[in-house]
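Undergrad: The following block contains the structure, expressed as structure tokens.
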Amino acid sequence: MKFLSLVFLTVLAFSMYSHGDDDKIYINVGQASVKKSLVAFPPFVFLSTPSLTPNYKQIGADLFNTVLNDLEVSNLFTIIKQQAYLEDSAKVGLTPAPANPTGFHFESWAKIGSEFLIRGGYKMKSATELEFEVYVYYVPQAKVVLGKIYSAKANEARVTAHTFSDDLMKALTGKRGIFRTKFVVASDKAGNKWKEIYVMDWDGRNIIQVTNHHSISLSPAWRPNGKTISYTSFAYHPNLKSRNPDLFTYDIFEGKRFLVSSRLGINSGSAFSPDGNSIILTISKNEGPEIYRMNVEGDDLERITNGPKGSLNVEPAFSPDGKKIAFSSDRSGVPMVYVMNADGSNIKRITFAGRYNSSPSWSPDGKKLVFAGQDKDHFDLFTVSVEDPTDMQRLTSAKKTSGKFANNEDPSFSPDGRHIVFTSDRTGKNQIYIITTDGTSERRVTVDSHNYFKPKWSPYID
Amino acid sequence: MIKRLQFLEISSEPDLFKRMVFFSLGLHLALFLFFGLKAVLFPSPSLTLDAAIKVDIVALPDKLQKLPEPQAPQMAKVPALSKTQKTVAIKSTANKVIEKIKKQERAEREKKLLDNLKNEVAQEEAKEQRQAKLAKLLKGNAVSSGSALHGLAKSEFNEYLSSLQAHVHEHWNLPEWLQNDNLKASVTVFIDFRGVVLKRTLVNSSGDSRFDGFALKAVDEASPFPQPPPRFVDIVKADGITLKFP
């Protein structure tokens, strides 16, 4: 094996350069290293009169800080500090000289090494109408990458900023940005030992409560259209005079709620199929918990897993192409991650190491799973290749203030596959964090003293 | 002839078939013999096949020097017999002695001939060497040996190229939004004996001017390149080095 790899390396070394048939010398330089682009991001300029809207500064700050956070999370940019800027952006126009006589000069931005320059300005057309004008320039070629004017309501500054960030991602990478996506999560912030379901922007803002069962509500999930969620709540059954974990769906925009499955026993851990027409979940019906499939109304129940007797089969998740289901099962003695065909056949065990591996989530390209695995005394996030389960990587290893390792659990992939949302108790409470898929960059999302459970990243939302 | 034909008609079919087969064989044999005898008795000149030789005419040829004619070997004179040896009794012994002397003389003659030939060959070889030395000035028709590197020189050159590749690769960066398998560009670089880049040109654009910009930036930042070993300076100067990104 060593000899073969040596031979291979020698051949590869010689293949890096060659003599062409016209005796020219060629060298293959090889794959480039990835480097973040330097971006100059001067403050946005207020373009109308201050007297009309006294809160214009707050609006400007919202716009700017939202875009700034988006740029940092995108992981594509390094933002040049404002102290380094040579030109005072407040004194020059948004467009370049000489076409604009009072415009900015590309040289003063090229000198500090910036690859991109973002010039933005905003005005209040009235007390309630906002207009945001923004240009993105590629400095080495003095070209415009993106130039847009956004019109919105005065209280929609953050959404406007996120829309611009999405547009910038699309213009640069050709892919959609995630800046208008959301999380659905269970939390105890309503107090009274209840857990309710909340929807929030991915950056932790705009938290909206969507359930009021005054009970324990858990394991929410998104329908692929981004408009409906499903969740389980311990609802009261009058005929039983007790509570039963029932499955509900809720249309966020229309405010309509449906009871989908109230079968006796567990109806939880739900997930939608990629076409949005089926739900898979764990149902116990007074037997052992098995995975079932049903339509969105709760009918056409179809059993997918079948034992072995005494085992739990929970937390199912559809692959992005709808052909496979990942789930957690303790049939081997301890909970491990498995993958099977959508009809329940061809069950393949994915994880073999660790004491408790659960809550698998698929990457949007269907090649990887992220799950929470218990290592000794705490949980960490791991990504694993579905094709080659030996290709596994640990993403987290944060410590609590006490010095002990924190629990990082319940991961969920972003729709562009570049980030994972999860909960961590490193501050003492279960807070929401996001991490890049290579594990290099973590950010805290919620900053309070409540607990959050099982967040799920929404699909792209228009 | 008619009788023969009649005979053929009268015969029954299987017999007829047999006779026709023999008839055919006979004709074949006759043909074979005819051409065989022709080849033996009247042979045609055979074809000669020579290997093709690549010839470079690099200068007008010199006038050929005329070689001296080889000297004809001279026979040694046989000494005449004295009168004191003319007795009948000793005629037979005299004849034997005469024969012995003749043999010796013959041997001496042959030896002298051989020596002469050896000298001539040595002279001709010396002449050829002198001519070869002159021929190195590439006058007249000559076969050129080419400019490819061989053996040790070639592996040294490859080592130099791999050090160049490692050096440029260090400076080759791309932002994540340009990481695309389809983008490829080539830059030809001309360096001097110090490794300083004298000139660089984009010979194959990737189609994306920003990607091309990063390729050229990698070349600019990598200058000066590792110094080429002295004997390779001309080789890299001639057509330059073409760097393929990635």
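The values are calculated or read from the model by the stated rules, or taken from the named source; none is laboratory data. As the structure is a computational prediction, the values presented were derived from the model and not from experiment. Heads up, the Cβs are rebuilt from the backbone with ideal geometry, glycines too, and the neighbour counts pull from every protein chain shown.
Undergrad: If we keep just the residues of the stretch A:444-462 that are over 16 Å from A:K195 (Cβ atoms) and not polar (S, T, N, Q), which is farthest from the chain's Cα centre (by Cα)? So that I can check it myself, show each step before the final result.
TA: At the first step, the residues of the stretch A:444-462 found to be over 16 Å from A:K195 (Cβ atoms) are A:444-445, A:447, A:457-462.
Now restrict to residues that are not polar (S, T, N, Q): A:444-445, A:447, A:457, A:459-462.
Details: A:R444: 13, A:V445: 11, A:V447: 17, A:W457: 5, A:P459: 9, A:Y460: 10, A:I461: 12, A:D462: 15 Å.
So, considering only residues that are over 16 Å from A:K195 (Cβ atoms) and not polar (S, T, N, Q), the one farthest from the chain's Cα centre (by Cα) is A:V447.
Undergrad: Does at least one position in the stretch A:89-109 carry a residue that is in the same structural domain as A:A152 (by TED's automatic domain parsing), in contact with a His (Cβ under 9 Å, 6 or more places away or on another chain) and hydrophobic (A, V, I, L, M, F, W, C)?
TA: Yes, because at least one residue in the stretch A:89-109 is in the same structural domain as A:A152 (by TED's automatic domain parsing), in contact with a His (Cβ under 9 Å, 6 or more places away or on another chain) and hydrophobic (A, V, I, L, M, F, W, C).
Undergrad: Where residues in the stretch A:19-49 are modelled with pLDDT under 85 and more than 9 Å from every other protein chain (Cβ to nearest Cβ), which of them is surrounded by the fewest Cβ atoms within 10 Å (Cβ to Cβ)?
TA: Just the residues of the stretch A:19-49 that are modelled with pLDDT under 85, to begin with: A:19-25, A:48-49.
Then keep just the ones that are more than 9 Å from every other protein chain (Cβ to nearest Cβ); that gives A:21, A:48-49.
Working: A:D21: 6, A:S48: 15, A:T49: 10.
For the stretch A:19-49, the residue satisfying everything is A:D21.
Undergrad: Just wondering, is there one or more residues in the stretch A:195-203 that are at pLDDT 95 or above and β-branched (V, I, T)?
TA: yes
Undergrad: Filter the stretch B:225-237 down to the residues that are under 11 Å from B:V189 (Cα atoms) and under 36 Å from the mean Cα position of the chain (by Cα) and list them by number. Don't jump to the end; show me each part of the working.
TA: First, pick out the residues of the stretch B:225-237 that are under 11 Å from B:V189 (Cα atoms): B:225, B:236-237.
Across the stretch B:225-237, the qualifying residues are B:V236, B:K237.
Undergrad: Which residues, counting only those in the stretch B:191-227, are touching a Gly at 6+ places or on another chain (Cβ under 7 Å) and more than 11 Å from chain A (Cβ to nearest Cβ)? Don't jump to the end; show me each part of the working.
TA: Pass one, the stretch B:191-227, residues touching a Gly at 6+ places or on another chain (Cβ under 7 Å): B:224-227.
Result: B:P224, B:P226, B:Q227.
Undergrad: I need the full set of residues from the stretch A:107-120 which are under 29 Å from the mean Cα position of the chain (by Cα) and either within 20 Å of A:S48 (Cβ to Cβ) or more than 14 Å from chain B (Cβ to nearest Cβ) (or both), in order please. Reasoning before the result, please.
TA: Initial filter on the stretch A:107-120 (under 29 Å from the mean Cα position of the chain (by Cα)): A:114-120.
Within the stretch A:107-120, A:L117, A:I118, A:R119, A:G120 qualify.
Undergrad: Among the listed residues A:E107, A:E133, A:E72, which satisfies the condition of being surrounded by fewer than 21 Cβ atoms within 10 Å (Cβ to Cβ) and farther than 30 Å from A:S414 by Cα? I'd like the intermediate steps shown before the answer.
TA: Values: A:E133 fails: farther than 30 Å from A:S414 by Cα; A:E72 fails: farther than 30 Å from A:S414 by Cα.
Exactly one of A:E107, A:E133, A:E72 is surrounded by fewer than 21 Cβ atoms within 10 Å (Cβ to Cβ) and farther than 30 Å from A:S414 by Cα, namely A:E107.
Undergrad: May I ask you to verify whether B:A166 is over 24 Å from A:P140 (Cα atoms) and not in a loop (DSSP other than H, G, I, E, B)?
TA: Here the answer is yes, as B:A166 does meet what is asked.
Undergrad: If you don't mind, there's one more thing I want to ask. Please enumerate the residues belonging to the stretch A:390-413 that are surrounded by fewer than 22 Cβ atoms within 10 Å (Cβ to Cβ), touching a strand residue (DSSP E or B) at 6+ places or on another chain (Cβ under 8 Å) and within 21 Å of A:F327 (Cα to Cα).
TA: Within the stretch A:390-413, A:D391, A:M392, A:Q393, A:R394, A:L395, A:N407 qualify.
Undergrad: Taking into account only those residues within the stretch B:174-223 that are part of a loop (DSSP other than H, G, I, E, B) and among the acidic types (D, E), which is farthest from A:V39 (Cα to Cα)? Let's see the steps before the verdict.
TA: So in the stretch B:174-223, the residues part of a loop (DSSP other than H, G, I, E, B) come out as B:175, B:179-184, B:192-196, B:205-208, B:223.
When the remaining residues are screened for being among the acidic types (D, E), the result is B:181, B:192, B:208.
Working: B:D181: 25, B:D192: 36, B:D208: 20 Å.
My answer is B:D192.
Undergrad: Consider only pairs whose beta carbons are under 6 Å apart and that are at least six residues apart or on different chains; among these, list those whose first residue lies in the stretch A:237-265 and is within 19 Å of A:H214 (Cβ to Cβ) and whose second residue is part of a loop (DSSP other than H, G, I, E, B).
TA: If the second residue must be part of a loop (DSSP other than H, G, I, E, B), the pairs left are A:P245/A:I266; A:D246/A:S262; A:Y250/A:V210.
Undergrad: Out of all the residues in the stretch B:224-246, which are assigned to a strand (DSSP E or B) and touching a helix residue (DSSP H, G or I) at 6+ places or on another chain (Cβ under 9 Å)? Steps first, answer last, please.
TA: Our first condition is that a residue be assigned to a strand (DSSP E or B); within the stretch B:224-246, this holds for B:241-245.
Across the stretch B:224-246, the qualifying residues are B:I241, B:L243, B:F245.
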